[in-house]
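Student: Sharing a structure, written as structure tokens. Questions coming.
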Amino acid sequence: MGSATQPAAVKLFLAVLYHKDAPVEEVLSLIDQRFGNRQHWYGPISFSWTRYYSDEMGSELLKLYYNYEISIDRSKLPDIKCFTNDLERQFSSEDGARTINIDPGYVARDKVVLATTKDFYHRLYLDKGIFGEVTLHYRKGRFRYFSWTYPDFKDEKVMQFLERIRAPLVKQIRTEKC
């Protein structure tokens, strides 16, 4: 029989989709106040993988990926998603449409997990109406995707960004075990 243990540290990252006219710097500043200094980032880049968000957010969408220096307790992911959902509502247009979509997740030694409010067969309930999705897994020296992985997370440059987060995390985990 196995023994219950505390999981290793993980790194918080955010994938932020926004309309070019959204007050993204103001929103990022509020997130920074809560989590500290940003460490690595990729973007902003033009978001062209899907038109799913166009009806609500308009065209000319940009996406930015970044993480924070701090390690987090993975059990805090539902709280973080609730916080980012509140920010999305706060910065919605007068008609209630989002101008910004904030997807928090974490990079672990062996996977990338995204928080979502939508249940599906490959997602596990975490807490507070939030589900976790293993979006990528690490195998044979690189991140690999699943059939359900969002198109932008299959992009080589996004995976390279996530690998930049993972490398020092693995070193940190190894040091803590010694």
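The values are calculated or read from the model by the stated rules, or taken from the named source; none is laboratory data. On a predicted model such as this, the values are computed, not experimentally measured, just so you know. In this analysis, Cβ positions are derived from the backbone assuming ideal geometry, glycine residues included, and neighbour counts consider all displayed protein chains.
Student: Quick test for you: out of 72, 102, pick the one residue that is closer than 25 Å to residue 137 by Cα and buried (at least 20 other Cβ atoms within 10 Å of the Cβ).
Tutor: 102
Student: Next question. If you check residue 134 against the conditions, is it touching a Gly at 6+ places or on another chain (Cβ under 7 Å) and aliphatic (A, V, I, L, M)?
Tutor: Taking the combined requirement at face value, the residue does not satisfy it.
Student: If you don't mind, another one. Take residue 35 and tell me if it is of a type in the set (Phe, Trp, Tyr) and surrounded by 20 or more Cβ atoms within 10 Å (Cβ to Cβ).
Tutor: Judged against the criteria, residue 35 is not a match.
Student: Can you name the condition, by its number, that residue 115 falls short on among (1) within 18 Å of residue 7 (Cα to Cα); (2) small (Gly, Ala, Ser); (3) modelled with pLDDT under 95?
Tutor: Going through the list (1) within 18 Å of residue 7 (Cα to Cα); (2) small (Gly, Ala, Ser); (3) modelled with pLDDT under 95, residue 115 breaks only (3).
Student: It is to be established whether one or more residues within the stretch 27-39 are at pLDDT 95 or above, small (Gly, Ala, Ser), touching a Phe, Trp or Tyr at 6+ places or on another chain (Cβ under 7 Å) and part of a loop (DSSP other than H, G, I, E, B).
Tutor: Yes, some residue in the stretch 27-39 is at pLDDT 95 or above, small (Gly, Ala, Ser), touching a Phe, Trp or Tyr at 6+ places or on another chain (Cβ under 7 Å) and part of a loop (DSSP other than H, G, I, E, B).
Student: Tell me, yes or no, whether the stretch 54-66 has at least one residue that is in a loop (DSSP other than H, G, I, E, B), at negative phi and loosely packed, with under 13 Cβ neighbours inside 10 Å.
Tutor: yes
Student: Could you say whether any residue in the stretch 1-13 is in a strand (DSSP E or B), under 16 Å from the mean Cα position of the chain (by Cα), modelled with pLDDT of 95 or more and farther than 14 Å from residue 104 by Cα?
Tutor: no
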